[in-house]
Amino acid sequence: MRSLIAIVAVMVVLCGIVRTALAVEEGYASPLAAWQNGPPKDAGYFPIAVWLQPAKYARQLKDVGVNLVIGVWAGPNERHLADFEAAGMPIICHQTEAALKDLDNPIIVGWLQKDEPDNAQTFDSFWQTLDRVNEAWPEANRTREQWGTYGPPLPPKDIIASYREMVANDPTRPVYLNLGQGVAFHDYAGRGYRRYNIDDYMQYVKGCDIVSFDLYAYSFRDPKVSEKIWLIPFGVDNLHGWSRGERVVWNFVEATQVYRGGKKPTPDITRAEVWMSIVHGSRGIIYYAHGQGPGGGDQENALVSDTTMMAALKEINAQVRRLAPVINSPTVHNALAVECSDPEVPVDAVVKQQGGATYVFAVCMRPKATRATFRLKGLPAGAKIEVIDEGRTLTAEGGAFADDFGPYAVHLYRVTGGR
């Protein structure tokens, strides 16, 4: 897998067809433009969401730049909808009876599929009978005893059928599907019977308009994954590939200690995951806001009660929102090559153009230091490179500029001028 990730990293900066880099305000085409009642479509909008948070936390979340809630616990019912509307917080939610009766409500901006259908489902809470399993996966050919506690995942055909039904109910909003960590961690045992069956994902992505996945790599205790946060952009690349660019790709980012006994991400880790995702083409970020409390156990308010992380998110999200017109602009391909002093520590980067300036967003992909040299096509000698929000300026020489990166460091560059 490591060599594959390295190939993908090179592709981010070297491969593709050159596109005309239009000023966003003149040539922007929102990936959400097809849905009249979906999320905002302006160039300055970048989805910054949280998962499964009640309306009572909307003020705190809006204060740190969150602009969307995905999922409403046991709902939404009429009270939920009224609460989110009063809070001014848009939601993506299930098509409950209350929601379908309120199709004119602008607070609903999307519809939610069943979460993580690609993971094994229990008999007690989902499958109930062996007959249902045999109808869904007849080729499995197992007895009830052989299945044990968990049956198989939902078959992709069921997700596709659900998608069609949801679109028939309301074609004016996009349908959102979140998949599990098998998107990036192919050895994930939680997929059960369909472990290693990566072809399933090429079908799952047909059951939505927006697709995401969650892998909490920093907090996850499995040594194959633990602290390997570069697997998150690897999953983003996979979703782009499996959907052939026909679905909008978002992804989850860690902001809490997700697993008991796992590590709690620092603000620097969270920022790295955000920008790794953006560099690899994610068009929306979802923070997982639940987490382990001081006494253990999942707590709904783990994020909003963490003053340190909330302060960090305010800065991270403000920067993302300020740069949203640049992030949303077309990627300029075949324009950049990156060379690192340590070949085992890659720096991934993406090139954007907006408002007459060229931008390079770059992230160190390993927990080690390296020095990266950026060879940017057409870069004039003496060009000034502003390191955004760092109070530093670099100068180009010989069509290139260089900078030092600490472990998982993020540097964002704005290139202007020259002699």
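Would a scan of region 253-266 turn up a residue that is touching a helix residue (DSSP H, G or I) at 6+ places or on another chain (Cβ under 8 Å), free of Cβ contacts under 8 Å to residues at least 40 places away in the same chain and of a type outside the set (K, R)? Checking region 253-266: at least one residue is touching a helix residue (DSSP H, G or I) at 6+ places or on another chain (Cβ under 8 Å), free of Cβ contacts under 8 Å to residues at least 40 places away in the same chain and of a type outside the set (K, R). Scanning region 387-399 for residues that are under 27 Å from the mean Cα position of the chain (by Cα) and either hydroxyl-bearing (S, T, Y) or outside any loop (DSSP other than H, G, I, E, B) (or both) gives a single hit, V387. I need the full set of residues from region 364-408 which are within 25 Å of S277 (Cβ to Cβ), among the acidic types (D, E) and without any contact (Cβ under 8 Å) to a residue 60 or more places away in the chain, in order please. Passing the criteria: E386, E390, D403, D404. Among the residues of region 142-169, those that are free of Cβ contacts under 8 Å to residues at least 12 places away in the same chain and more than 21 Å from N197 (Cα to Cα) comprise E145, R164, E165, V167, A168. The residue that is farthest from P54 (Cα to Cα), counting only those in region 103-112 that are outside any strand (DSSP E or B) and touching a residue at least 24 places away in the same chain (Cβ under 8 Å), is L103.
Filtering region 124-138 for residues that are surrounded by 12 or more Cβ atoms within 10 Å (Cβ to Cβ), of a type in the set (F, W, Y), touching a helix residue (DSSP H, G or I) at 6+ places or on another chain (Cβ under 9 Å) and part of a helix (DSSP H, G or I) leaves a non-empty set.
Every residue, every condition in (1) within 20 Å of Y287 (Cα to Cα); (2) in contact (Cβ under 8 Å) with a residue 12 or more places away in the chain, yes or no:
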residue	(1), (2)
V64	yes, yes
F84	yes, yes
A87	yes, yes
A99	no, yes
T122	no, yes
W127	no, yes
D131	no, no
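Note on region 100-123: among residues that are of a type in the set (A, V, I, L, M, F, W, C) and closer than 29 Å to M202 by Cβ, the one that is surrounded by the most Cβ atoms within 10 Å (Cβ to Cβ) is W111. Screening D209 on (1) over 23 Å from the mean Cα position of the chain (by Cα); (2) among the charged types (D, E, K, R); (3) within 30 Å of A82 (Cα to Cα) shows it passes everything except condition (1). For the criterion of being in contact with a Cys (Cβ under 6 Å, 6 or more places away or on another chain) and either surrounded by 15 or more Cβ atoms within 10 Å (Cβ to Cβ) or farther than 30 Å from K62 by Cα (or both), A372 passes. Please go through region 17-68 and pick out each residue that is assigned to a helix (DSSP H, G or I) and either modelled with pLDDT of 95 or more or surrounded by 21 or more Cβ atoms within 10 Å (Cβ to Cβ) (or both). Residues satisfying the conditions are V24, A55, K56, Y57, A58, R59, Q60, L61, K62, D63. Annotation note: of V320, V351, V387, V332, the sole residue that is surrounded by 22 or more Cβ atoms within 10 Å (Cβ to Cβ), of a type outside the set (S, T, N, Q) and within 25 Å of S282 (Cα to Cα) is V351. Residue count for region 225-249 satisfying the condition of being part of a helix (DSSP H, G or I) and out of contact with any Leu (no Cβ under 7 Å at 6 or more places or on another chain): 9. From the list E116, E139, the lone residue that is at positive phi and among the charged types (D, E, K, R) is E116. When G235, G192 are screened for being crowded, with 17+ Cβ neighbours inside 10 Å and under 18 Å from S282 (Cα atoms), only G235 passes.
Results for (1) part of a helix (DSSP H, G or I); (2) at pLDDT 95 or above; (3) in contact with a Cys (Cβ under 7 Å, 6 or more places away or on another chain); (4) within 30 Å of I108 (Cβ to Cβ), shown as yes or no for each residue.
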{"residue": "I160", "(1), (2), (3), (4)": "yes, yes, no, yes"}
{"residue": "R164", "(1), (2), (3), (4)": "yes, yes, no, yes"}
{"residue": "V167", "(1), (2), (3), (4)": "yes, yes, no, yes"}
{"residue": "N178", "(1), (2), (3), (4)": "no, yes, no, yes"}
{"residue": "Y201", "(1), (2), (3), (4)": "yes, yes, no, yes"}
{"residue": "Y216", "(1), (2), (3), (4)": "no, yes, no, yes"}
{"residue": "P223", "(1), (2), (3), (4)": "no, no, no, no"}
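Of all the listed residues (W230, W242), the sole one being assigned by TED's automatic domain parsing to the domain that holds I160 and under 30 Å from T307 (Cβ atoms) is W230.
The values are calculated or read from the model by the stated rules, or taken from the named source; none is laboratory data. Since the model is a prediction, treat every value here as computed from it, not as a measurement. No Cβ is skipped: glycine too gets one built from the backbone with ideal geometry, and neighbour counts run over all protein chains shown.
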